[in-house]
Amino acid sequence: MPNRLKAILLMCTAVTLFAALDTTAKYLCATTVIPVSQIVWVRFVGQILCMVLVLGPAAIPKFLKTKNLTLQLTRSTLMLATTICNFVAITYLRLDQTLSITFLTPLIVAALAVPLLGEHIGWHRAAAIFVGFLGVLVVVRPGVSTVHPAFIAAFLSMLAYSLLIIVTRRLSAFDTSLVTLFYGTVVGSIVSAPFAISEWLWPGSIWTWALLLALGAFGGGGHYL
């Protein structure tokens, strides 16, 4: 039970950091002309800087040693996909609309956990997830309000994040949390760099720089927890 309570606390803290990540990204999209590609890239680079500051440069090379490169690259691709789709979605949607789609994640993960991980959730957890799904329908109100195309990006972000959780769970049997965290950061930084550089707009204030770098701390901290 103590380990389960610890896991719940870690998850609650992680969700809080993700909320800070989305809110900061939404603020940047709404108040600056910085393109999404640049925000995505700085989010990953900021995470690398945070890891270097906390762990020291000498510790970084060992995080590239993985026992399952295929799964790490798969997870890294899903990480980049969910980040891009999420930032695109919150550019056009309200935060509550985007997050309401994210609340579908437990439903998808629970469904996939049985065939992919062999983990059974039981009827009580299934009932709780179903009630949560009804809550999503209340918030989104399908068929009542106009559906913006950005909802597609929010849905794709949710789907990629659900698969990300499944792959992360599988990777826990092979690599440490820091190795998994670092791989996602490096791949995201490399792949998004050409798009960010081609659209680069220099931030106009120290405040904007601080918010951009905070994305790395919020995202990296949340995924590590």
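The values are calculated or read from the model by the stated rules, or taken from the named source; none is laboratory data. Note that the structure is predicted; figures quoted are calculated from it, not measured. FYI the Cβ positions are ideal-geometry reconstructions off the backbone, even for glycines, and counts take in every protein chain you see. Accessible surface is based on the protein model in full, side chains and every heavy atom, while ligands, DNA and RNA are left aside. Shrake-Rupley method; radii C 1.70, N 1.55, O 1.52, S 1.80 Å.
Structure summary
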{"quantity": "Among (1) open to solvent by less than 40 Å² (accessible area, probe 1.4 Å); (2) among the aromatic types (Phe, Trp, Tyr); (3) closer than 22 Å to residue 205 by Cα, the one test that residue 27 misses", "calculated": "(1)"}
{"quantity": "Test: residue 43 is open to solvent by 40 Å² or more (accessible area, probe 1.4 Å), in contact (Cβ under 8 Å) with a residue 12 or more places away in the chain and either part of a helix (DSSP H, G or I) or not hydroxyl-bearing (Ser, Thr, Tyr) (or both)", "calculated": "no"}
{"quantity": "Pairs with Cβ under 8 Å, 6+ apart, first in the stretch 132-159 and within 13 Å of residue 104 (Cα to Cα), second surrounded by fewer than 12 Cβ atoms within 10 Å (Cβ to Cβ) and modelled with pLDDT of 70 or more", "calculated": "139/96"}
{"quantity": "Single residue of 178, 215, 201 found to be aliphatic (A, V, I, L, M) and assigned to a loop (DSSP other than H, G, I, E, B)", "calculated": "201"}
